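Below is one structure, written out as structure tokens; comments come after it.
The values are calculated or read from the model by the stated rules, or taken from the named source; none is laboratory data. The structure presented is a predicted model; accordingly, all values stated were derived computationally and were not measured. Here the Cβ is made from the backbone with ideal geometry for all residues, glycine too, and neighbour counts use every protein chain on show. In case anyone asks, the SASA skips ligands and DNA or RNA and just uses the protein heavy atoms, side chains included. Shrake-Rupley method; radii C 1.70, N 1.55, O 1.52, S 1.80 Å.
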Amino acid sequence: GQPAGGTAYDTTILLPAGLVSKEVKFPQFDPQSGMVTCVRLCVTIKGIIDTVALQNFSSSAQNGSYTYDRTDQVIGPGIITPLTSTANLSFGPFPLTAYDGIPSAGTDFYSRGSDTVLTRVLCVNISDSATITQFYGTDSVSYNYDVNASAIGVVPGGSSSVLVLSSALVNFHFEYCTCPASVLPLSVHAFNIKKLT
């Protein structure tokens, strides 16, 4: 007979370039505090290209380009199918002069700094009572965030080299939908419970 409430946790993590996996933990729900009716998890992903560089090693001017492939994935309790974001992006063409013998400099070299290339929101709502049991306790539940990114550089008329550094800024919003514990009158000795919703 009491209105449902909620307990929410909100955290943002940075996965810097070179780090491909991160564990994120949230407190379990203490069963002494009431009952969990659902668990909600929303993950907001900002995929960032920190640095990209493309070098033309050809003896003639070329147009360079690159493709960027990225997969971000969240797995953990209550997530039957991993929450997944994929991106396949193309950049270019960039005019590059003939190789001047000095790598990573000059007009035969293209580079670009930090650029947020995608923002995605992935959510899951867990309401199955058998699944919700794993969220009760006094410890924590753990989720794994994984990112896999790569780039392929293309200089159609010659050889090239490409470098890409990627990172992610990820916000986790984790929420318990709860019904608080309620004290029954002393005169109630036996009762039946029927779940309405």
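Of note:
- Along the axis of the charge dipole computed for the chain (Cβ charges of +1 for Lys and Arg, -1 for Asp and Glu, origin at the Cα centre), the listed residues 8, 96, 171 are led at the positive end by 8.
- Accessible heavy-atom area order of 173, 189, highest first, probe of 1.4 Å: 189, 173
- By the rule of a second cysteine Cβ within less than 4.7 angstrom, the chain holds isolated cysteines at 179.
- Proximal lysines relative to residue 46, as straight alpha-carbon distance under 24 Å, when same-chain residues fewer than 8 apart are discounted: 22, 25
- Among 32, 20, 82 - extreme Cα towards positive end, dipole of the range 18-113, charges at beta-carbon: 32
- Residues whose amide H lies under 5 Å from that of residue 137, counting only those 5 or more places away or on a different chain, are 29, 30; hydrogens are built 1.01 Å from N in the peptide plane.
- Relative contact order of the chain, pairs being alpha-carbon contacts under 8 Å that are 6 or more residues apart, as %: 45
- Mean shadow area of the range 100-145 over all directions, Cα convex hull, nm²: 6.9
- Global form of the range 1-107, assessed from the alpha-carbon gyration tensor, a/c cut-off 1.5: prolate
- In angstrom, the C-alpha Rg and Dmax of the chain are 25.2, 93.
- The three principal axes of the C-alpha atoms in the range 54-144 carry coordinate ranges of 66, 22, 17 Å, sorted with the longest axis first.
- Student exercise, the chain dipole from Lys, Arg, Asp, Glu Cβ charges, in Debye to nearest 20: 500
- Here, the range 147-197 has an Rg and a Dmax of 29.7, 88 Å when only alpha carbons are counted.
- Here the ratio of the Cα radius of gyration of the range 15-60 to 2.2 N^0.38 Å is 2.31.
- By the compact-protein rule of thumb, 2.2 N^0.38 Å, the alpha-carbon radius of gyration of the range 93-197 corresponds to a ratio of 2.18.
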